[in-house]
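The values are calculated or read from the model by the stated rules, or taken from the named source; none is laboratory data. All values reported here derive from a predicted model rather than from experimental measurement. Using ideal geometry, Cβ is built from the backbone for each residue, glycine included, and neighbour counts are taken over all protein chains shown. Just the protein is used for accessible areas: all its heavy atoms, side chains included, with ligands, DNA and RNA removed. Shrake-Rupley method; radii C 1.70, N 1.55, O 1.52, S 1.80 Å.
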Amino acid sequence: MQLNTMNNENHTTFHDHEFALIGDFFKNLERQGPCCPKQTLKALGFCGELPENARIADIGCGTGGQTINLAWNTDGHITAIDLMPAFTENLRQKIAGTKLHRRITVLDGSMDDLPFAANSLDLIWSEGAISHMGFEEGLRYWRQFLKPSGYVAVTEATWFTPSRPAEIAEFWKENYPGIDTIPAKVAAMERAGYFPVAHFAMPEYCWQNYYRPMEDIFEPFLLKHDYNGPSQDLVDNIKREVSLYQTYKEFYGYTFYIGRKA
Ligand code: SAH
């Protein structure tokens, strides 16, 4: 989801009906961003030995695909937070009555107003979401909640080449002007107060994993909404995003950045 949700001067304000529509479309997907359980585990592998009762936050958790994966592969407790009630509700339902119910707390909330105590978290996780605050700004704000030497692992939209065709540059300028190259992102992580531990680009199949299931839900979604203007616009926008990706995927993608509180 590259749609802006933050209500401040740098971001477009969301109208309630658009918000509900976006929730209604994306809640039907396992994931709301490019993803792959293998890459989540690879990133986790760079986060050192977590203590037995690790305190973990998953920010912008969506419907919790990676939250559940993290829970199965760590000890301790995960607090998963998202702004979109349709997503948090979906995650609550998924874990209700399972073993994970005690290990995952699901909160409705915003990533720029987190409920954690200072120096309380061993790990902050965030896949496909930090762009809503901006990479450096988000990292800078979240840092206070990490214990000394705690880890952060985030995915972020990244340019893979020094220059790129105008059409795709324009798309990102409109949707997330914060996209930048790996060296620029690593420098931003350092400025935000972290030691960069590792980074790796997510393979193309992570995007196909994200986009492919959409093909099955476009039609039922449009039907549900009587093919009204806003639902058609949303589907058209998503289809355009997918088609641009297929054309320009060599120029950009998501990169995982793992850092340690300095
Ligand atoms: N991590 C999930 C979802 C990624 S999509 C996955 O990888 O599948 C980005 C998520 O960020 C969405 O679920 C969206 O609702 C959430 N989000 C956007 N703005 C937010 C904010 N201000 N605070 C918390 N979550 C936010």
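Numbers at a glance
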{"item": "Output for segment 132-148, where each listed residue is within 12 Å of Phe116 (Cα to Cα), in contact (Cβ under 8 Å) with a residue 60 or more places away in the chain and more than 16 Å from the ligand (Cβ to nearest atom)", "result": "Arg143, Leu146, Lys147"}
{"item": "Residues being within 11 Å of the ligand (Cβ to nearest atom) and either farther than 19 Å from Trp125 by Cα or outside any helix (DSSP H, G or I) (or both) - total across segment 65-89", "result": "7"}
{"item": "Pairs where the first residue, in segment 196-207, is within 12 Å of Lys185 (Cβ to Cβ) and the second is outside any helix (DSSP H, G or I) and open to solvent by 50 Å² or more (accessible area, probe 1.4 Å), C-beta under 8 Å, 6+ apart", "result": "Ala201/Phe160"}
{"item": "Whichever residue in segment 60-78 is closer than 13 Å to Ile95 by Cα and β-branched (Val, Ile, Thr) and, among such residues, is surrounded by the most Cβ atoms within 10 Å (Cβ to Cβ)", "result": "Thr67"}
{"item": "Odd one out for Phe195 among (1) within 16 Å of the ligand (Cβ to nearest atom); (2) open to solvent by 20 Å² or more (accessible area, probe 1.4 Å); (3) in a strand (DSSP E or B)", "result": "(1)"}
{"item": "Selection count, segment 235-258, where residues are outside any loop (DSSP other than H, G, I, E, B) and of a type in the set (Asp, Glu)", "result": "2"}
{"item": "Answer residue from segment 37-59, given it is touching a residue at least 40 places away in the same chain (Cβ under 8 Å) and open to solvent by 10 Å² or more (accessible area, probe 1.4 Å) and is farthest from Lys147 (Cα to Cα) among those", "result": "Gln39"}
{"item": "Checking His17 against (1) surrounded by 13 or more Cβ atoms within 10 Å (Cβ to Cβ); (2) modelled with pLDDT under 95; (3) assigned to a helix (DSSP H, G or I), the condition it does not meet", "result": "(1)"}
{"item": "Hey, Gly109 over 19 Å from Glu156 (Cβ atoms), modelled with pLDDT under 95 and of a type outside the set (Val, Ile, Thr) or not", "result": "no"}
{"item": "Residue list for segment 24-36, filter: within 10 Å of the ligand (Cβ to nearest atom) and either under 16 Å from Lys94 (Cβ atoms) or free of Cβ contacts under 8 Å to residues at least 12 places away in the same chain (or both)", "result": "Phe26, Lys27, Leu29, Glu30, Arg31, Gln32, Cys35"}
{"item": "Residue under evaluation Ile104, criteria (1) within 12 Å of the ligand (Cβ to nearest atom); (2) in contact with a Ser or Thr (Cβ under 8 Å, 6 or more places away or on another chain); (3) among the aliphatic types (A, V, I, L, M), criterion not met", "result": "(1)"}
{"item": "Residues of segment 219-230 classified as surrounded by fewer than 16 Cβ atoms within 10 Å (Cβ to Cβ) and part of a helix (DSSP H, G or I), total", "result": "6"}
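Yes/no per residue for (1) closer than 29 Å to Val242 by Cα; (2) among the acidic types (Asp, Glu); (3) touching a strand residue (DSSP E or B) at 6+ places or on another chain (Cβ under 7 Å):
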site: Val106; (1), (2), (3): no, no, yes
site: Ser126; (1), (2), (3): yes, no, yes
site: Ala129; (1), (2), (3): yes, no, yes
site: Arg140; (1), (2), (3): no, no, no
site: Ala166; (1), (2), (3): yes, no, no
site: Ile182; (1), (2), (3): yes, no, yes
